[in-house]
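Reading through the structure tokens given below for one structure.
Read-outs: derived from the displayed coordinates by stated rules, not from any lab. Everything numeric here is computed off the predicted structure, so don't read it as measured data. Glycine gets a Cβ as well: all are built from the backbone with ideal geometry, and neighbour counts include every protein chain shown.
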Amino acid sequence: MITEIVTFAIPEGMDRERVVSLFEESAEIWRAHRKLHRKNYLYDPEKGIAGGVYTWDSVADAKEAHGDAFVARVAETFGSRPSFQYFETPIVVQNR
């Protein structure tokens, strides 16, 4: 299993309400994705970044889901290109 961290800059002046609204609009896409184990949305207004933490079976699955169409959607919605990091995830602890 792998964990993918995707981050991107949010436009100056885009408030939390708008960011969360855009996240909610995209949530249905991710709920329906058959290869995704889990997604946590990220938002840091002080740094002006947002993104997500995803858990997948493989880097290939992550890259398939985050191809050119995803990059274009982030660029159109937030005005920036996402960056991607991948980590092996040998152990997951989930308390709740």
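Summary table
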| item | result |
| --- | --- |
| Segments classed as strands (runs of 3 or more DSSP E), wholly inside the chain, with at least 2 members that are of a type in the set (A, V, I, L, M, F, W, C) and in contact (Cβ under 8 Å) with a residue 60 or more places away in the chain | 2-9, 83-88 |
| Segment 7-41, subset closer than 21 Å to Q94 by Cβ and in contact with a Ser or Thr (Cβ under 7 Å, 6 or more places away or on another chain), residue surrounded by the fewest Cβ atoms within 10 Å (Cβ to Cβ) | R38 |
| Residues being among the polar types (S, T, N, Q), exposed (fewer than 12 other Cβ atoms within 10 Å of the Cβ) and within 15 Å of the chain's Cα centre (by Cα) - total across segment 44-95 | 1 |
